[in-house]
Amino acid sequence: MVFVQADVYLPERWDTKLHEIIKNINDGGTSNWCVLGIFGISKDNVYAGHLYTNGLQKELGKNHSPVEAVAIDETLFVVNKKTGVRFDDDFPYLYLYGNDLLLAASGIGYKNYVICNFLVHNSLTRLRDHNNSLRSIEYFRRKWKNKLPFNAPYINVHSSRLKNYYYKCKKDLKSLISNTDRIIKVQHPDPSSIKPKNV
């Protein structure tokens, strides 16, 4: 099952390549996987994956083989429903929810990977749903105390609630100030014209 944000553009044959990647993972003897992220952090604490983000106006990552993941970005991720691992119905908002599932899966012996299948995240540089994000962070903090600090590509969750609140507000304010000229930027009119350079 693929969970994808509404502002994502998938290039032609993206789904075909995904099937090939999954087949290669399974054929390699690693059929006990649960989550595949399109961008994330590897066990070696290195950013992995490959995408273009319109919000940052840059291409991130490059082509590589699947690497075991400790955290993912939720722009797009794949869940192997055969594992029986399910989302937490009490999770308050769609912020860190993919990482919540990843930790639940790894806790019962499943592996999770960051794969390379280039896409365009046609996002806008603006602040959204600040209060809901904080609710998700707090729920995640309480649930995964033994996994903190937890570093995701877009947020670090600390054991201190006040520290989380401080850093989230600081990050949002920094983004607002440094990206003032880009806040009003519109989504890319033709995402299909964006071709990967780091191949």
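Helix-derived [θ] at 222 nm for the chain: sum -39500 (n - 2.57) over DSSP H runs of at least 4, divide by residue count, nearest 500? Walk me through the numbers on the way to the answer.
On the way: 4 runs with 57 residues, N = 199.
Mean residue ellipticity at 222 nm (helix-derived): -9500 deg cm²/dmol.
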I'm spelling it out carefully: the read-out is log10 I(q)/I(0) by the Debye sum over Cα atoms at q = 0.09, 0.17 Å⁻¹, the candidates are (1) -0.45, -1.10; (2) -0.34, -1.24; (3) -0.39, -1.14, and one was derived from this structure. Which label? (2)
Given the pairs Lys43/Lys147; Lys147/Lys168; Lys62/Lys171; Lys145/Lys168, which are separated by over 21 angstrom at their Cα positions? Lys62/Lys171
Packing-ranked peptide list from 151-158, 21-28, highest mean Cβ count within 10 angstrom first, is 151-158, 21-28
How much length is gained if the chain between Ser160 and Glu138 is pulled fully straight, taking 0.36 nm per residue apart and subtracting their Cα-Cα distance, in nm to one decimal? 7.0 nm
Tyr167 paired with Asn26, simple spin-label distance in nm, labels 7 Å along Cα-to-beta-carbon: 3.8
Based on the mean of other Cβ atoms within 10 Å per residue, sort peptides 139-149, 50-60 so the most packed one is first. 50-60, 139-149
Quick one: work out the % antiparallel among DSSP beta bridges in the chain, nearest 5. 75
How would you rank 33-39, 61-67, 84-90, highest first, on the average number of other Cβ atoms within 10 Å across their residues? 33-39, 61-67, 84-90
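Find out how many positive minus negative residues lie around Leu76, taking Lys and Arg as positive, Asp and Glu as negative, among other residues whose Cβ is under 15 Å from that of Leu76. Walk me through the numbers on the way to the answer.
Details: positive: Lys17; negative: Asp7, Asp15, Asp73, Glu74.
Its environment carries a net charge of -3.
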Cross-link partners among lysines for Lys58, C-alpha distance below 18 Å, same-chain residues fewer than 8 apart left out? Lys185, Lys195, Lys197
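Only the coordinates and a few stated rules stand behind these numbers; no lab work does. In this text, all values refer to a predicted model and were calculated from it rather than measured experimentally. Quick reminder, even Gly has a Cβ in these numbers, built from the backbone with ideal geometry, and neighbours come from all protein chains shown.
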